[in-house]
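Chemist: Below you will find the structure I want to go over with you.
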Amino acid sequence: MNPVLEMKDVHFKYLIGKEKVFEGISFKIYKGEFVSITGRNGSGKTTLCNILRGFIPHLNQGTLSGDILLHGESIPDKSLGELADKIGYIFQNPFIQNSGIKETVYEEIAFGLENLGIPREEMIKTVDDTIKLLKIEDLREKHPAELSGGQRQRVAIASIIAMDPPILIIDEPTSQLDPKGTEEIFEIIKLLKEQKKTIILVEHKIDQVAEYASRIIMLEDKKILFDGTTNEILSKEEVMTYGTNLPQVAKLGIKYSKEVKKLEKIPTVLEEAVKIFKG
Amino acid sequence: MGIVIENVIFNYPNGFCAIDDISISIERGEKVAIIGQNGAGKTTFVKMMNNLLRPNSGTVIVDDINLSDVTTAQISKKVGYVFQNPGDQLFNSTVFAEIAYNPRYRKLPESKVKELVEDAAALCGLTKYLKTNPYDLPFGLRKFVTIACVIAMGSEYIILDEPTAGQDLDGLKLQGDIITELIKRNKTVITITHDMEFVIDNFERIIVMADKKIVTDSNPHNVFWDFDVLETASLKQPSICKLGNELGITDIVTIDEFLQKVK
Amino acid sequence: MVKKRFISRMYPLTKLIIALTLGGTSIIVHQWQFGYLFIMPLMFLLAILDGKFKSYFKKVFAAIVVFFLFIFLIQAFLVPVGATIWQWEFLHLTVGGLDKALNITATIGVFLTTLLLVFETTNMSDLMVSLQKTGMPNGAAYVFLASIQMIPEMNKRSKVIMQAQRARGIETEGNMWVRTKAFFPTLSPLIISSITDIGDKAATLEARAFSSSIPNTFYRDLHASFFEKYITVFVILLCTLYTLWRYVPAIGGLL
């Protein structure tokens, strides 16, 4: 099987930065994978996402080398417009990611489809479906600028999902949200996972990462430090020395292994922990 | 001494009620976490503690000063407030100038200014960034610049509005350390946060807000094992509590407590 | 929702073209009667018929107070031509001055009342869609609409920043001097955040395929009706006839 996304020996330095952000990043991501990018703040998680979407080098310049490929074709060589319906991008800050020109949530969601030249009938159907899928019927006629952070984030996700990109890059979608808002966003992410989208997620809330991601790529010191299955990475105690938290159940498992009885497998999600400690 | 709030009601100019009759007192030297859903009124509530918002009725008294008699700038020496978004507060060209802004504004001698800045910067892990422009720092560190600013102001009461948002593990640990140090210095710390693990690790007193009111004001054990409270405030138990719940181990909120019970 | 009356329902571009045609005619014919006796009363009448008179009149009135009167007075008193009609101290109102003042203000008045009526009765997004359909670039439409929406957003933001500065001990309440001193600390975060927002906004727009080379489609379904297509032609025709009547001696022009 050919990878959907691939990086080969990527090096990058921002125009204004003194130091390189990346020194030789390589990985392959396959269709339907749910990869979480972790690492301490400043390790380049957002930069990595920006490179994958082509925002670097198109909008934000720097010295970039190595291959960045979408189905084997070079991403930096494609125009941003060309990539729009192939790689969806959801940003961290809910307050800046609306178009800023639309008067209702409905039209906001339609904006991307207008730009893609989707015929009106189809556009209406898609927007209706998206609104239903994301359960945001109550926001339909509201003004995008008058929504709360959580609502805005849901609308932003809806606007991208409506464009139906097979790949989604989601950069800390819940950092400004409360626990309930976070849960709502992850319910949507779960839906996307069920639709077999390829998902790349940056998120500090490690319990959610543990539950939904199938693979973790961890950045540290300009390189990839760990790349493996979620359970494999999130059961390593040393992960915490690199600025990434572990799920509470994993921390418990590690401590239990040391102080009480060695566990064969360190749990990373609640259900596993329940099974292990019940048994 | 302390903050005494009595029967405050706050309505926004458009008539929307944001705080509906809250009374509470916070002692000098306490550390308090405020949790609850977005829109519950947390930020509005703490903004009344430094006069950024003035209640429509009820009183706010800080160390015997009735806030209706002073301006925000005057009370800022006593009550410092770190906004959710650092971009709202930073405007100097270096981190040093930023932290020094208030001490200089108060016309303190430059030697004293330097001392205050260096202390605050050291506490917030910013020593090596003093000559950097705050906007060249990543979001997480910028937040620490705003915290350092408030520390250098010398306020007795320090309010942190969602300092944990977007922080990595190191950032969270550092914030915990800052809070501990401030308490050691006999400061009072009031923190709004959505990070329940952070709350449990750092606070003994938790105020839970929902729908313009205080639902409960208690310790972590009482809060995270009171399912009515959690339901009302749309909060979830941290996973260690959930695990305990599944296994019939109640009233634990930390990993260590859990281990104690299973041993 | 209030049912839209006919002016509000009209195709935006039709309204805009008619308004500009009338304004242009007013410049060419240079006759104050056209503006004062015909177009301006007509616009007020249309505003009343459209049920928009109150807010329309407010806007027109504000515009008059701001510069209309100003221009009239300057023209009338500072350009003495011909016989003096009225005199007070050093101010002379002359026939020529009055005529000039009337003509200039009439032209401005036509532009003002027609365009304000267009803006009063037109949703800006609709206007932009109708312009985009005729080939106006997306970018231009975006900048226009975004700047309209940006003003209340900036206003909100500057209030938050003002609060943040007060919390840092900066006195922003009080006399003029205190407020002026507080200005800089408020302004720079506003500017800096606006600049950083621009970068983020660009990325947001790209994420929504803004620069896609595929021709846009529009959710807003606007078409000029048969009547609307012809009323434009009709108005242009009338204006041309009027201009001819005014300037071609053979049919009584240039009196």
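The values are calculated or read from the model by the stated rules, or taken from the named source; none is laboratory data. Computed from a predicted structure; not experimentally measured. Glycine also receives a Cβ, built like all others from the backbone with ideal geometry; neighbour counts cover every protein chain displayed. Side chains included, ligands, DNA and RNA excluded: accessible areas come from the protein's heavy atoms. Shrake-Rupley method; radii C 1.70, N 1.55, O 1.52, S 1.80 Å.
Chemist: With respect to the numbered conditions (1) in contact with a His (Cβ under 8 Å, 6 or more places away or on another chain); (2) crowded, with 23+ Cβ neighbours inside 10 Å; (3) more than 14 Å from chain A (Cβ to nearest Cβ), which one is the sole condition not fulfilled by B:D251?
Modeler: Of (1) in contact with a His (Cβ under 8 Å, 6 or more places away or on another chain); (2) crowded, with 23+ Cβ neighbours inside 10 Å; (3) more than 14 Å from chain A (Cβ to nearest Cβ), only one is false for B:D251: (2).
Chemist: Next up: For A:M7, only one of the following conditions fails: (1) buried (at least 17 other Cβ atoms within 10 Å of the Cβ); (2) free of Cβ contacts under 8 Å to residues at least 40 places away in the same chain; (3) more than 14 Å from chain B (Cβ to nearest Cβ). What is its number?
Modeler: Status for A:M7: all satisfied but (2).
Chemist: Does B:L116 qualify as being touching a residue at least 24 places away in the same chain (Cβ under 8 Å), in a helix (DSSP H, G or I) and touching a helix residue (DSSP H, G or I) at 6+ places or on another chain (Cβ under 6 Å)? Don't jump to the end; show me each part of the working.
Modeler: Working: touching a residue at least 24 places away in the same chain (Cβ under 8 Å): yes; in a helix (DSSP H, G or I): yes; touching a helix residue (DSSP H, G or I) at 6+ places or on another chain (Cβ under 6 Å): yes.
It is true that B:L116 is touching a residue at least 24 places away in the same chain (Cβ under 8 Å), in a helix (DSSP H, G or I) and touching a helix residue (DSSP H, G or I) at 6+ places or on another chain (Cβ under 6 Å).
Chemist: Could you say which residue among C:I85, C:I71 is open to solvent by 70 Å² or more (accessible area, probe 1.4 Å) and more than 30 Å from C:S225 (Cα to Cα)?
Modeler: Values: C:I71 fails: open to solvent by 70 Å² or more (accessible area, probe 1.4 Å).
The match here is C:I85.
Chemist: If the Cβ limit is 7 Å and pairs must be 6+ apart or interchain, which residue in segment C:123-143 that is touching a residue at least 24 places away in the same chain (Cβ under 8 Å) pairs with which residue that is open to solvent by 50 Å² or more (accessible area, probe 1.4 Å)?
Modeler: Taking only residues 6 or more apart or on different chains, the pairs are C:M124/C:I148; C:S125/A:E103.
Chemist: Kindly establish whether A:G17 is among the small types (G, A, S), under 21 Å from B:L137 (Cα atoms), within 14 Å of chain B (Cβ to nearest Cβ) and open to solvent by 60 Å² or more (accessible area, probe 1.4 Å). Before you say what the answer is, go through the steps one by one.
Modeler: Numbers: among the small types (G, A, S): yes; under 21 Å from B:L137 (Cα atoms): yes; within 14 Å of chain B (Cβ to nearest Cβ): yes; open to solvent by 60 Å² or more (accessible area, probe 1.4 Å): no.
When the stated conditions are applied, A:G17 does not pass them.
Chemist: In addition: For segment C:203-235, enumerate the residues that are in contact with a Ser or Thr (Cβ under 8 Å, 6 or more places away or on another chain), of a type in the set (V, I, T) and either more than 28 Å from A:P94 (Cα to Cα) or in a loop (DSSP other than H, G, I, E, B) (or both).
Modeler: C:I231, C:T232, C:V235
Chemist: May I pose another question? Please enumerate the residues belonging to segment C:216-237 that are modelled with pLDDT of 90 or more and within 14 Å of another protein chain (Cβ to nearest Cβ).
Modeler: Correct list: C:N216, C:T217, C:F218, C:Y219, C:R220.
Chemist: Filter segment A:28-59 down to the residues that are free of Cβ contacts under 8 Å to residues at least 24 places away in the same chain and within 14 Å of chain C (Cβ to nearest Cβ), then identify the one that is nearest to A:S175 (Cα to Cα). Talk me through it step by step, then tell me what you get.
Modeler: Within segment A:28-59, the first condition is being free of Cβ contacts under 8 Å to residues at least 24 places away in the same chain, and the residues that meet it are A:42, A:50, A:57-59.
From the residues that got through so far, the ones that are within 14 Å of chain C (Cβ to nearest Cβ) too are A:50, A:57-59.
On the way: A:N50: 18, A:P57: 26, A:H58: 26, A:L59: 24 Å.
Out of the qualifying residues, it is A:N50.
Chemist: Continuing with the same structure: Within the set of pairs 6 or more residues apart or between chains, which connect a residue that is assigned to a helix (DSSP H, G or I) and at pLDDT below 90 inside segment C:31-58 to a residue that is surrounded by 15 or more Cβ atoms within 10 Å (Cβ to Cβ) and among the aliphatic types (A, V, I, L, M) with Cβ atoms less than 6 Å apart?
Modeler: Taking only residues 6 or more apart or on different chains, the pairs are C:W32/C:L102; C:W32/C:A106; C:F53/C:A47.
Residues checked against (1) modelled with pLDDT of 90 or more; (2) open to solvent by 50 Å² or more (accessible area, probe 1.4 Å):
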residue	(1), (2)
B:L90	no, no
B:P103	yes, no
B:E115	yes, yes
B:L123	yes, no
B:F139	no, yes
B:C149	yes, no
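Chemist: Tell me the residue from C:L131, C:L112 that is within 14 Å of chain A (Cβ to nearest Cβ) and either outside any strand (DSSP E or B) or within 22 Å of A:E107 (Cα to Cα) (or both), please. Give the derivation first.
Modeler: Numbers: C:L112 fails: within 14 Å of chain A (Cβ to nearest Cβ).
Answer to the check: C:L131.
Chemist: Follow-up question, since we're still on this one. Of all residues in segment A:94-115, which are more than 7 Å from every other protein chain (Cβ to nearest Cβ) and within 30 Å of A:L69 (Cβ to Cβ)?
Modeler: Step one: list which residues in segment A:94-115 are more than 7 Å from every other protein chain (Cβ to nearest Cβ), which gives A:94-95, A:98, A:102, A:104-106, A:108-109, A:113.
A:L113, the sole residue that qualifies.
Chemist: While we're on this one: Output the number of the condition that C:P185 fails; it satisfies all remaining conditions of (1) at the interface with another protein chain (Cβ under 7 Å from one of its Cβ atoms); (2) open to solvent by less than 30 Å² (accessible area, probe 1.4 Å); (3) at pLDDT 85 or above.
Modeler: So C:P185 meets the others, but not (3).
Chemist: Has segment B:127-141 got at least one residue that is under 30 Å from B:K242 (Cα atoms), in contact (Cβ under 8 Å) with a residue 12 or more places away in the chain, more than 14 Å from chain A (Cβ to nearest Cβ) and out of contact with any Pro (no Cβ under 8 Å at 6 or more places or on another chain)?
Modeler: No, every residue in segment B:127-141 fails to be under 30 Å from B:K242 (Cα atoms), in contact (Cβ under 8 Å) with a residue 12 or more places away in the chain, more than 14 Å from chain A (Cβ to nearest Cβ) and out of contact with any Pro (no Cβ under 8 Å at 6 or more places or on another chain).
Chemist: Take the residues of segment A:155-182 that are part of a loop (DSSP other than H, G, I, E, B) and more than 10 Å from every other protein chain (Cβ to nearest Cβ): which is farthest from A:L83 (Cα to Cα)? Can you show your working first?
Modeler: First, the residues of segment A:155-182 that are part of a loop (DSSP other than H, G, I, E, B): A:162-166, A:172-178.
Those still in the list that are more than 10 Å from every other protein chain (Cβ to nearest Cβ) too: A:164, A:166, A:173.
Details: A:D164: 12, A:P166: 11, A:P173: 21 Å.
Within segment A:155-182, the match that is farthest from A:L83 (Cα to Cα) is A:P173.
Okay, residues lined up against (1) outside any strand (DSSP E or B); (2) touching a residue at least 12 places away in the same chain (Cβ under 8 Å); (3) within 20 Å of C:F183 (Cβ to Cβ):
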{"site": "B:Q37", "(1), (2), (3)": "yes, yes, no"}
{"site": "B:T44", "(1), (2), (3)": "yes, yes, no"}
{"site": "B:M49", "(1), (2), (3)": "yes, yes, no"}
{"site": "B:L52", "(1), (2), (3)": "yes, yes, yes"}
{"site": "B:A73", "(1), (2), (3)": "yes, no, yes"}
{"site": "B:Y81", "(1), (2), (3)": "no, yes, no"}
{"site": "B:Y101", "(1), (2), (3)": "yes, yes, yes"}
{"site": "B:R104", "(1), (2), (3)": "yes, no, yes"}
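Chemist: A further question follows. So A:K132 fits all but one of (1) in a helix (DSSP H, G or I); (2) in contact (Cβ under 8 Å) with a residue 40 or more places away in the chain; what number is the exception?
Modeler: (2)
Chemist: Still on this structure, I have one more. Could you please let me know if B:I240 is over 21 Å from the mean Cα position of the chain (by Cα), free of Cβ contacts under 8 Å to residues at least 40 places away in the same chain and crowded, with 19+ Cβ neighbours inside 10 Å?
Modeler: yes
Chemist: Examine segment A:60-79 for a residue that is of a type outside the set (K, R), more than 10 Å from chain C (Cβ to nearest Cβ), within 30 Å of B:N85 (Cα to Cα) and open to solvent by 20 Å² or more (accessible area, probe 1.4 Å), and state whether such a residue exists. Break it down into steps so the answer makes sense when it comes.
Modeler: Keep residues of segment A:60-79 that are of a type outside the set (K, R), which gives A:60-77, A:79.
Next cut, more than 10 Å from chain C (Cβ to nearest Cβ) only: A:61-77.
Going one step further and asking which of them are within 30 Å of B:N85 (Cα to Cα), we end up with A:61-62.
Still in the running and open to solvent by 20 Å² or more (accessible area, probe 1.4 Å): A:61-62.
Within segment A:60-79, one or more residues are of a type outside the set (K, R), more than 10 Å from chain C (Cβ to nearest Cβ), within 30 Å of B:N85 (Cα to Cα) and open to solvent by 20 Å² or more (accessible area, probe 1.4 Å).
Chemist: Between B:K173, B:K184, which is open to solvent by 40 Å² or more (accessible area, probe 1.4 Å), free of Cβ contacts under 8 Å to residues at least 40 places away in the same chain and within 14 Å of another protein chain (Cβ to nearest Cβ)?
Modeler: Values: B:K184 fails: within 14 Å of another protein chain (Cβ to nearest Cβ).
When all the criteria are applied, what remains is B:K173.
Chemist: Given C:D50, C:D99, which one is surrounded by 13 or more Cβ atoms within 10 Å (Cβ to Cβ) and touching a Lys or Arg at 6+ places or on another chain (Cβ under 8 Å)?
Modeler: On the way: C:D99 fails: touching a Lys or Arg at 6+ places or on another chain (Cβ under 8 Å).
Only one candidate qualifies: C:D50.
Chemist: Any residue at all in segment B:203-222 that's closer than 18 Å to B:V82 by Cα, open to solvent by 10 Å² or more (accessible area, probe 1.4 Å) and either in contact with a Cys (Cβ under 6 Å, 6 or more places away or on another chain) or touching a residue at least 60 places away in the same chain (Cβ under 8 Å) (or both)?
Modeler: Within segment B:203-222, not a single residue is closer than 18 Å to B:V82 by Cα, open to solvent by 10 Å² or more (accessible area, probe 1.4 Å) and either in contact with a Cys (Cβ under 6 Å, 6 or more places away or on another chain) or touching a residue at least 60 places away in the same chain (Cβ under 8 Å) (or both).
Chemist: Can you find even one residue in segment A:126-133 that is facing chain C (nearest Cβ under 9 Å), out of contact with any strand residue (DSSP E or B) (no Cβ under 7 Å at 6 or more places or on another chain) and over 21 Å from A:L192 (Cα atoms)?
Modeler: Residues of segment A:126-133 facing chain C (nearest Cβ under 9 Å): A:127.
Filter once more, so that each one left must be out of contact with any strand residue (DSSP E or B) (no Cβ under 7 Å at 6 or more places or on another chain): A:127.
Going one step further and asking which of them are over 21 Å from A:L192 (Cα atoms), we end up with none.
There is no residue in segment A:126-133 that is facing chain C (nearest Cβ under 9 Å), out of contact with any strand residue (DSSP E or B) (no Cβ under 7 Å at 6 or more places or on another chain) and over 21 Å from A:L192 (Cα atoms).
Chemist: Further, regarding this structure: Scan segment B:60-91 for residues that are within 9 Å of another protein chain (Cβ to nearest Cβ) and among the charged types (D, E, K, R) and jot them down.
Modeler: Once the filter is applied, which keeps residues that are within 9 Å of another protein chain (Cβ to nearest Cβ) and among the charged types (D, E, K, R), segment B:60-91 yields B:K77, B:D88.
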